[in-house]
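Right, one structure below, let's go through it.
The values are calculated or read from the model by the stated rules, or taken from the named source; none is laboratory data. Bear in mind the structure is a predicted one, so any value in this text is a computation, not a measurement. We place every Cβ from the backbone using ideal geometry, glycine too, and count neighbours over all the protein chains shown.
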Amino acid sequence: MATYQYQVITAAGKEKKGTLEAKSRDAAMSMLKNDKNIVVKCEESTGSNALGILHKAKKVSYRDLALFCHQFSSINKAGVSVVEAFGMLADQTENAALQDAINAVHTDIAKGETLAKSMKRQGGVFPEMLCNMVEAGEASGSLDKSFDRMSIQFEKDAALTQAVKKAVTYPIVLIIVMIGVLVAMMVFVVPTFMNMFADLDVEMPASTMVLVHISDFMVAWWWLLLIITVAVIFGWKAYAATDSGKEVTSALAIKIPVLGPIKTKSACARLGRTLCTLLSAGVPMVDAIDLTGRSMENLLYKRAMKEAKEQVLRGVPLSRPLQTCGLFPPMVVHMVAIGEETGNIESMLENVADYYEEDVQLATEQMMTLLEPAIIIVMAVVVGYMAVAIFSPMFTLYDALS
């Protein structure tokens, strides 16, 4: 059977897009028309289309997924069937990639496919964790609870990701602005003053000559500096994509002052929240650890969770590999150990997640509060030096005239 992408006008007059499987285009057209749709387009999917879907899938944010899960849970609790719920969600979802995936799922489940299996086929639009939670919900008859848990999970993930992104982006923007201002002064301001002093035949102090040489070099060789900068950026990105590069960048990410502790706290929060969500839904411990490890962004934490999974399979308590790897703070290890001893590990993991999610937010705010004046001070020192170097010849000239 082939997969066809379609675009139709429904009986209610609304535009609808999606994919369906059929033996031929005629069969696909017949299926669409049976629902009283006006077919606008019906084409067989190609490899490029599939790649396009995979590309668009990356644009589905945690916020979009949280809203989707919350809306489905609310509709399903109101007594609306799963098939009808997905039809309603497709009409009101704004994200194009998510809307296409919901339409495709709606078509599949209308033909009798299970919801989890259909969601797994949507090119990675729906995270593996969500698909596993849906599968567990279908098996236990508590689908709405699974979507409720995932709504909370995605909301927390969105807030955590935003906090970490802000912590990384803010200093980079400030530094780029500072460098831009300094380059503009060296290329445009300093040469103007130096030309004026050259006409007056004033002897330049040593500090001024240093500034002049730097300015002359930047004016004459700006293209070389640009090439080097671009080469370094692309070279670093290429290296970071290699296995050894991932090792280095992962290690640096948790060792960089200020940003490193935020990354560590973020990993702890994700460990607690994801494990808690999965275990509360009845997912076995080993599978939950595996999914949690795959949700980690840092390679070192992925590897630590993989090792933890292997040790848990051998009957070792989870707290032991978490302590052995040396990546998690003692508080995380102790909380997990207490949960294992009392049989209440889900509650302990939730406490870990709540604590570190709040801690990430506070650490981000403190970092920005301290970093902004620090960068301003550095810039003030540099600009102050440039001002002294520029105006020193003027003072010398005034002394000579007097």
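Suppose the filter is under 13 Å from Gly293 (Cβ atoms), of a type in the set (Gly, Ala, Ser) and either assigned by TED's automatic domain parsing to the domain that holds Pro261 or modelled with pLDDT of 95 or more (or both); does Ala337 pass it? It is false that Ala337 is under 13 Å from Gly293 (Cβ atoms), of a type in the set (Gly, Ala, Ser) and either assigned by TED's automatic domain parsing to the domain that holds Pro261 or modelled with pLDDT of 95 or more (or both). Answer yes or no: is there a residue in the range 91-113 that is over 30 Å from Ile256 (Cβ atoms), more than 22 Å from the chain's Cα centre (by Cα), at pLDDT below 85 and among the aliphatic types (A, V, I, L, M). Looking through the range 91-113, none of the residues is over 30 Å from Ile256 (Cβ atoms), more than 22 Å from the chain's Cα centre (by Cα), at pLDDT below 85 and among the aliphatic types (A, V, I, L, M). Scanning the range 264-317 for residues that are under 21 Å from the mean Cα position of the chain (by Cα) and among the β-branched types (Val, Ile, Thr) returns Thr264, Thr274, Thr277, Ile289, Thr292. Summed over the range 80-126, residues that are crowded, with 17+ Cβ neighbours inside 10 Å and touching an Asp or Glu at 6+ places or on another chain (Cβ under 7 Å) total 5. Looking only at residues of the range 349-366 that are in contact with a Gly (Cβ under 7 Å, 6 or more places away or on another chain) and crowded, with 21+ Cβ neighbours inside 10 Å, we find that the one that is farthest from Gly282 (Cα to Cα) is Tyr356. Each residue in the range 308-328 was checked for being crowded, with 17+ Cβ neighbours inside 10 Å and closer than 17 Å to Ser266 by Cβ, and 3 pass. Picking from residues in the range 141-195 that are of a type in the set (S, T, N, Q) and surrounded by fewer than 15 Cβ atoms within 10 Å (Cβ to Cβ), the one that is farthest from Gln71 (Cα to Cα) is Asn195.
Taking (1) surrounded by 10 or more Cβ atoms within 10 Å (Cβ to Cβ); (2) under 43 Å from the mean Cα position of the chain (by Cα) in turn, Trp223 satisfies each apart from (1).
The requirement of being under 17 Å from Phe328 (Cα atoms), among the charged types (D, E, K, R) and exposed (fewer than 13 other Cβ atoms within 10 Å of the Cβ) is fulfilled somewhere in the range 251-268, by at least one residue.
Cβ-Cβ distances below 7 Å connect the following pairs, each with a first residue in the range 230-252 that is within 23 Å of Arg303 (Cα to Cα), a second residue that is among the hydrophobic types (A, V, I, L, M, F, W, C) and surrounded by 12 or more Cβ atoms within 10 Å (Cβ to Cβ), and a separation of six or more residues or different chains: Lys246/Ala240; Lys246/Leu299; Glu247/Leu299; Thr249/Ala240; Ser250/Leu299; Ser250/Leu300; Ala251/Leu300.
Being among the polar types (S, T, N, Q) and over 20 Å from Asn76 (Cα atoms), is that true of even one residue in the range 135-153? Looking through the range 135-153, none of the residues is among the polar types (S, T, N, Q) and over 20 Å from Asn76 (Cα atoms). Restrict the check to the range 334-355 and report whether at least one residue is under 22 Å from Ile256 (Cβ atoms) and without any contact (Cβ under 8 Å) to a residue 40 or more places away in the chain. No, every residue in the range 334-355 fails to be under 22 Å from Ile256 (Cβ atoms) and without any contact (Cβ under 8 Å) to a residue 40 or more places away in the chain.
Looking at the structure I just gave you, is Tyr385 under 27 Å from Val173 (Cβ atoms) and crowded, with 21+ Cβ neighbours inside 10 Å? Full working, then the answer.
Working: under 27 Å from Val173 (Cβ atoms): yes; crowded, with 21+ Cβ neighbours inside 10 Å: no.
No.
Do any helices (runs of 4 or more DSSP H) entirely within the range 294-370 hold 1 or more residues that are of a type in the set (Lys, Arg) and on the phi < 0 side of the Ramachandran plot, and if so, which?
Details: elements: 299-313, 319-324, 330-342.
The qualifying helices (runs of 4 or more DSSP H) are 299-313, 319-324.
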